[in-house]
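Accompanying notes for the structure given below.
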Amino acid sequence: GDSVTQMEGPVTLSEEAFLTINCTYTATGYPSLFWYVQYPGEGLQLLLKATKADDKGSNKGFEATYRKETTSFHLEKGSVQVSDSAVYFCALSYNTDKLIFGTGTRLQVFP
Amino acid sequence: GAVVSQHPSRVICKSGTSVKIECRSLDFQATTMFWYRQFPKQSLMLMATSNEGSKATYEQGVEKDKFLINHASLTLSTLTVTSAHPEDSSFYICSASGVNTDTQYFGPGTRLTVL
């Protein structure tokens, strides 16, 4: 079946460091891919998405490119801030009604 | 942006009792609501999808008689865990989507602990 695999956390970085959170997927078709973020005490928020191969989603300095050849959708940011500390979830969906999530990766950014 | 609330945020109950969790869309009409369950260090697992005025569609392996879902209005869905047992202890999260959006908006979650 379809699934999403994320790197285990926590990922601990100093402020202004480069961030990569790996995400790979297994899919029987051609899903849309998403990154959601959950800040402490809040609900999940859509961070970015890509709907087809080679699309790049971007938001708030975060980027991820839909790589069909490597079945990956890695999340990157050039310079993280303390306020980026949160749990990040990679997900896929064939239609926007049903999301399949990865386990989530906690990011901790220290000053 | 669209806001979804959940109530209560935490609940502790005794084994054998029933617990109701509410999910509300505060500023939009939610034609579809979703209920997820999350175990520590694990993925969010979709339990069921509900459309306003219709019976919920449950995922394979989810007991519909144990997890009762009602979506009686365009702003409210409820999840009732009946005859709760310690293995039902978990983090329950709802989300909602509206007519003219392809995005799910998530609530903050409810932590259920069954003693």
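Can you give me the long-range amide H partners of B:Ile21? Hydrogens built in the peptide plane at 1.01 Å from N, cutoff under 5 Å, separation of 5 or more residues or another chain.
B:Leu79, B:Thr80, B:Val81
Region A:1-105: which chymotrypsin sites (Phe, Trp or Tyr not before Pro) are DSSP loop and have at most 13 other beta-carbon atoms within 10 angstrom?
The qualifying sites are A:Phe18.
Select from region B:1-41 those trypsin sites (Lys or Arg not before Pro) which occupy a DSSP coil region and have at most 14 other Cβ atoms within 10 Å, ordered by residue number. The partial results should precede the final answer.
Working: sites: B:Arg10, B:Lys14, B:Lys20, B:Arg24, B:Arg37, B:Lys41; in loops: B:Lys14, B:Lys41.
When the trypsin sites (Lys or Arg not before Pro) of region B:1-41 are filtered for loop state and at most 14 Cβ neighbours within 10 Å, B:Lys14, B:Lys41 remain.
Name all residues of region A:57-87 having a backbone nitrogen under 19 Å from the label point set 7 Å from the Cα of A:Phe110 along its Cα→Cβ direction, giving them as ranges.
Once the point is set 7 Å along Cα→Cβ of A:Phe110, A:79-87 turn out to lie under 19 Å by backbone N, inside region A:57-87.
If you count the DSSP beta bridges with both ends in the protein assembly as shown, what percent of them are antiparallel, to the nearest 5?
Values: 71 of 79 bridges.
Just about 90 percent of them are antiparallel.
Let me see the pair-distance distribution of chain B: every alpha carbon pair, 10 Å bin width, integer percents in order.
Final binned percentages: 15, 49, 30, 5, 0.
Taking loop as defined by DSSP and a crowding limit of 12 other beta carbons within 10 Å, which GluC sites (Glu not before Pro) in region A:16-111 fit?
On the way: sites: A:Glu16, A:Glu42, A:Glu63, A:Glu69, A:Glu76; in loops: A:Glu16, A:Glu42, A:Glu69.
Those that pass, being in a loop and sparsely packed, are A:Glu16, A:Glu69.
Just the Cα atoms of the protein assembly as shown, one point each, no solvent: what log10 I(q)/I(0) does Debye give at q = 0.16 Å⁻¹?
For the protein assembly as shown at q = 0.16 Å⁻¹, log10 I(q)/I(0) is -1.12.
Could you grab the Rg to Rh ratio for region A:1-87? Cα atoms only, Kirkwood for Rh.
Details: Rg = 13.1 Å, Rh = 13.6 Å.
Dividing the radius of gyration by the Kirkwood radius yields 0.96.
Pull up the cross-link candidates among the aspartates and glutamates for A:Lys98, meaning alpha carbon to alpha carbon under 15 Å and not fewer than 8 places away within one chain.
A:Asp2, B:Glu59, B:Asp102
Heavy atoms only, probe 1.4 angstrom, no DNA, RNA or ligands counted: give me A:Ile21, A:Ile100 ranked by accessible area, highest first.
Details: A:Ile21 0, A:Ile100 45 Å².
Correct descending sequence by accessible area is A:Ile100, A:Ile21.
For B:Thr32, list long-range residues whose amide hydrogen, built 1.01 Å from N in the peptide plane, is under 5 Å from its own amide hydrogen.
Placed amide hydrogens put B:Ser97 under 5 Å from B:Thr32.
Any idea what the dipole of the protein assembly as shown comes to, in debye rounded to 20, about its Cα centre with Lys/Arg Cβ at +1 and Asp/Glu Cβ at -1? Spell out each step's value before the answer.
On the way: 19 positive and 21 negative charges, 83 e Å.
I would put it at about 400 debye.
Compute for region A:39-111: radius of gyration divided by Kirkwood radius, i.e. Rg/Rh, restricted to C-alpha atoms, rounded to two decimals.
Values: Rg = 12.9 Å, Rh = 13.4 Å.
That ratio is 0.96, to two decimals.
Note down the net charge around B:Gly109, summing +1 for each Lys or Arg and -1 for each Asp or Glu among other residues with Cβ under 14 Å from its Cβ.
+2
For region B:10-52, count all C-alpha to C-alpha pairs, find those more than 11 Å apart, and express that count as a whole percent of the total.
Working: 691 of 903 pairs.
For region B:10-52, the share of Cα pairs beyond 11 Å comes to 77 percent.
Run the simple label-point estimate for A:Gln45 and B:Lys55 please: 7 Å along Cα→C-beta, distance reported in nm.
Result for the modelled spin labels: 3.9 nm.
For chain A, what relative contact order do you get, as a whole percent, if you take Cα pairs closer than 8 Å and at least 6 residues apart?
Numbers: 288 pairs, mean separation 40.6, N = 111.
Relative contact order here is 37 percent.
The values are calculated or read from the model by the stated rules, or taken from the named source; none is laboratory data. None of the values given here were measured: they were computed from a predicted structure. Neighbour counts are summed over all protein chains in view; Cβ atoms, including those assigned to glycine, are modelled from backbone coordinates with ideal geometry. Calculation scope for accessible area: heavy atoms of the full protein, side chains included, ligands and nucleic acids excluded. Shrake-Rupley method; radii C 1.70, N 1.55, O 1.52, S 1.80 Å.
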